[in-house]
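Asks: If you scroll down you'll find the structure; I have some questions about it.
The values are calculated or read from the model by the stated rules, or taken from the named source; none is laboratory data. Note that the structure is a prediction, hence the values are computed from the model and not measured. Please note: Cβ atoms are built from the backbone with ideal geometry, for glycine as well, and neighbour counts cover all protein chains shown.
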Amino acid sequence: MSSRLRAARFWIFVGVGIALVAVSILMFMMAIGYMQRAMVSTSLLTAFIGFTTLSSSLYVLRLAAHIYGVEVGSEEKT
Amino acid sequence: MGWASITLRVLPRLIAAVILWDILSVLIGTIYSGGFSGFVEYLKTVSGFFILMSSLLAAIAVVTGSVVVYVLSLVSVAIGKGFAGYVLSPAPFIGLGLLLAMDSIALGYREGQGKSIDIGLRGLGRGIAVVIASLGLMIGVSVFAGYALSYIVLSLIDMPRGVSLAADLLANMFSNPFIRLCIFVLAALYLYKTLSDTVEIIAVFVKPSRRLSLGVLRNREDIDIVIEYPLQTLFTFIIALFVVPVVDEFFYVLIRTIAPQLAGLGFESGIRLVADMAVFVLIFVIINRYIRGFTKFGAKARDIALPASLAVLIYATAVLISINRGLPVIQSMLNPDLETLSSRLREGYAAFYISFLYLIDLLTRLVGAAP
């Protein structure tokens, strides 16, 4: 596999993570909006989706960070 | 043991004792003056209960020198003083910083392996500046994230009040301090997980380390997450509701067979409710673990033990009923009395669900969520 493709794969991880963060922020804002319009269960469900997407984005970004660490990290003395 | 390690053990306890002295004095004063009746006096109010608990935890923190118990004591006293209308002074938080610093020094300290390093005044200043900057950054981020989260949670909690009649029950529930506390504890735990993950991501990007990342990626417990479908707890709860009356019936038939004199001691009324609930919690815990076993990749043969044991339990109960009717053991094993069992189970299910609903009603009244 060429190194360019490998680098692209890494950026796909980062892109997915950031997109998920954006979706979760959107969901939190929508949850508050729904609650203002007295749609309680819709709002709680939206907040739940927001928490889930935030967790998954953190998971993806963490994986990406450690893959980055393995690829460019230096072997330090112990 | 050298002086340094003795100091490292004594000093944290001393700091904890000095800082937690007002909280500790509650416990010591109560023991000296009234003994047991003094404790009862504290247990009468909510804030008194939390302050008494925090003073007990403070005593444990001073004895063990544990940072975690110190924090628990602080949280408890903050809740107690919050109920009484006071605010905590900043001194315990400075003490917490000192204790954490001592703890990390004690972790890395090796007896007789001390070495001195030579840094100039500039290097010293730089080191202190880095420590203060990173601490300030961490505190700033946590305060900001805490505000953001409390804004979200508070706006979610406060909105349904007076919006519509349908949301009235929800508003009642959310205005109850106990439920608010639960929501905030959950939110704080989630915030902690989120923040620690974020810091880890930033740290790895800023200073990539091959060894650390390989360690994390090789650790399968950390990387392979089991995907739990939502409302799994409710699912196992419903399954447990089905299973519990069968297990109950087995135990009561067993008691009647082995110790008939115990069956007369009110097992039909008051104690039965408590026993039912204890069995329910036990079954719930067991089933929860088994359901997790089913959803994991590669279920094992032992995962079938729960359904099989349930079938065995029903058979054993029917056999015990036959033995109670006076049949010999071999014959009752061949002719288990399933008819009596089924009629008893029908009554058992009805009684169990009635007592369960009664208990839920009582619980919601107790915490003030229902009128």
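Asks: Just a yes or no: is a residue in the stretch B:42-65 touching a Pro at 6+ places or on another chain (Cβ under 9 Å) and either assigned to a loop (DSSP other than H, G, I, E, B) or free of Cβ contacts under 8 Å to residues at least 12 places away in the same chain (or both)?
Replies: Yes, there is a match, as at least one residue in the stretch B:42-65 is touching a Pro at 6+ places or on another chain (Cβ under 9 Å) and either assigned to a loop (DSSP other than H, G, I, E, B) or free of Cβ contacts under 8 Å to residues at least 12 places away in the same chain (or both).
Asks: Tell me whether the stretch B:41-48 contains one or more residues that are among the hydrophobic types (A, V, I, L, M, F, W, C), on the phi < 0 side of the Ramachandran plot and modelled with pLDDT under 80.
Replies: Pass one, the stretch B:41-48, residues among the hydrophobic types (A, V, I, L, M, F, W, C): B:43, B:46.
Those still in the list that are on the phi < 0 side of the Ramachandran plot too: B:43, B:46.
The next check asks that each one be modelled with pLDDT under 80; those that pass are B:43, B:46.
Among the residues of the stretch B:41-48, at least one is among the hydrophobic types (A, V, I, L, M, F, W, C), on the phi < 0 side of the Ramachandran plot and modelled with pLDDT under 80, which makes the answer yes.
Asks: Given (1) assigned to a loop (DSSP other than H, G, I, E, B); (2) closer than 26 Å to B:PHE178 by Cβ, identify the lone condition not met by B:ILE117.
Replies: All conditions are met except number (2).
Here is a yes/no grid of residues against (1) surrounded by 14 or more Cβ atoms within 10 Å (Cβ to Cβ); (2) in contact (Cβ under 8 Å) with a residue 24 or more places away in the chain; (3) over 19 Å from B:THR198 (Cα atoms); (4) of a type in the set (Val, Ile, Thr):
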{"position": "A:GLY15", "(1), (2), (3), (4)": "no, no, no, no"}
{"position": "A:MET30", "(1), (2), (3), (4)": "yes, no, yes, no"}
{"position": "A:GLY33", "(1), (2), (3), (4)": "no, no, yes, no"}
{"position": "A:ALA38", "(1), (2), (3), (4)": "yes, no, yes, no"}
{"position": "A:LEU44", "(1), (2), (3), (4)": "yes, no, yes, no"}
{"position": "A:VAL72", "(1), (2), (3), (4)": "no, no, yes, yes"}
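Asks: Would you check if B:PHE184 is at pLDDT below 80, touching an Asp or Glu at 6+ places or on another chain (Cβ under 9 Å) and more than 9 Å from chain A (Cβ to nearest Cβ)? Please lay out each step first, then the result.
Replies: On the way: at pLDDT below 80: yes; touching an Asp or Glu at 6+ places or on another chain (Cβ under 9 Å): no; more than 9 Å from chain A (Cβ to nearest Cβ): yes.
So B:PHE184 fails the test.
Asks: Pairs please, first residue from the stretch B:240-259 and among the aromatic types (Phe, Trp, Tyr), second anywhere and at pLDDT below 80 and surrounded by fewer than 20 Cβ atoms within 10 Å (Cβ to Cβ), Cβ atoms under 7 Å, 6+ apart in sequence or on different chains.
Replies: As it stands, the answer is B:TYR252/B:PHE267, since those pairs meet every condition given.
Asks: Residues to consider are A:SER74, A:SER41; find the one that is at pLDDT below 85 and over 27 Å from B:ALA203 (Cα atoms). Please lay out each step first, then the result.
Replies: On the way: A:SER74 fails: over 27 Å from B:ALA203 (Cα atoms).
None of the others qualify; the one that does is A:SER41.
Asks: If you don't mind, there's one more thing I want to ask. Of everything in the stretch B:200-210 that's part of a helix (DSSP H, G or I) and exposed (fewer than 14 other Cβ atoms within 10 Å of the Cβ), which residue is farthest from the other protein chains (Cβ to nearest Cβ)? Talk me through it step by step, then tell me what you get.
Replies: Going through the stretch B:200-210, the residues part of a helix (DSSP H, G or I) turn out to be B:200-206, B:210.
Still in the running and exposed (fewer than 14 other Cβ atoms within 10 Å of the Cβ): B:202, B:206.
Values: B:ILE202: 8, B:VAL206: 10 Å.
The selected residue is B:VAL206.
Asks: Could you list all residues from the stretch B:1-21 that are surrounded by 12 or more Cβ atoms within 10 Å (Cβ to Cβ) and closer than 13 Å to B:VAL62 by Cβ? It would help to see each step written out before you state the result.
Replies: Taking the stretch B:1-21 and keeping what is surrounded by 12 or more Cβ atoms within 10 Å (Cβ to Cβ), we get B:4-5, B:7-9, B:11-21.
Within the stretch B:1-21, B:ARG9, B:LEU11, B:PRO12, B:ARG13, B:LEU14, B:ILE15, B:ALA16, B:ALA17, B:VAL18, B:ILE19, B:LEU20, B:TRP21 meet the criteria.
Residue by residue, here is whether (1) among the small types (Gly, Ala, Ser); (2) in contact with a Cys (Cβ under 7 Å, 6 or more places away or on another chain); (3) farther than 21 Å from B:CYS182 by Cβ holds:
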| site | (1), (2), (3) |
| --- | --- |
| B:LEU43 | no, no, yes |
| B:SER54 | yes, no, no |
| B:LEU57 | no, no, no |
| B:LEU74 | no, no, no |
| B:ALA78 | yes, no, no |
| B:TYR86 | no, no, yes |
| B:LEU96 | no, no, yes |
| B:ASP103 | no, no, yes |
| B:GLY108 | yes, no, yes |
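Asks: To continue, here is another question. From the set of residues in the stretch A:18-38 that are assigned to a helix (DSSP H, G or I) and within 8 Å of another protein chain (Cβ to nearest Cβ), which is farthest from B:ILE201 (Cα to Cα)?
Replies: Start the filter on the stretch A:18-38 by keeping residues that are assigned to a helix (DSSP H, G or I), which leaves A:18-36.
The next check asks that each one be within 8 Å of another protein chain (Cβ to nearest Cβ); those that pass are A:28, A:31-32, A:35-36.
On the way: A:PHE28: 22, A:ALA31: 27, A:ILE32: 28, A:MET35: 33, A:GLN36: 35 Å.
Once the filter is applied, the top-ranked residue is A:GLN36.
Asks: Same structure again: Look at the stretch B:22-77 and say how many of its residues are under 25 Å from the mean Cα position of the chain (by Cα) and charged (D, E, K, R).
Replies: 1
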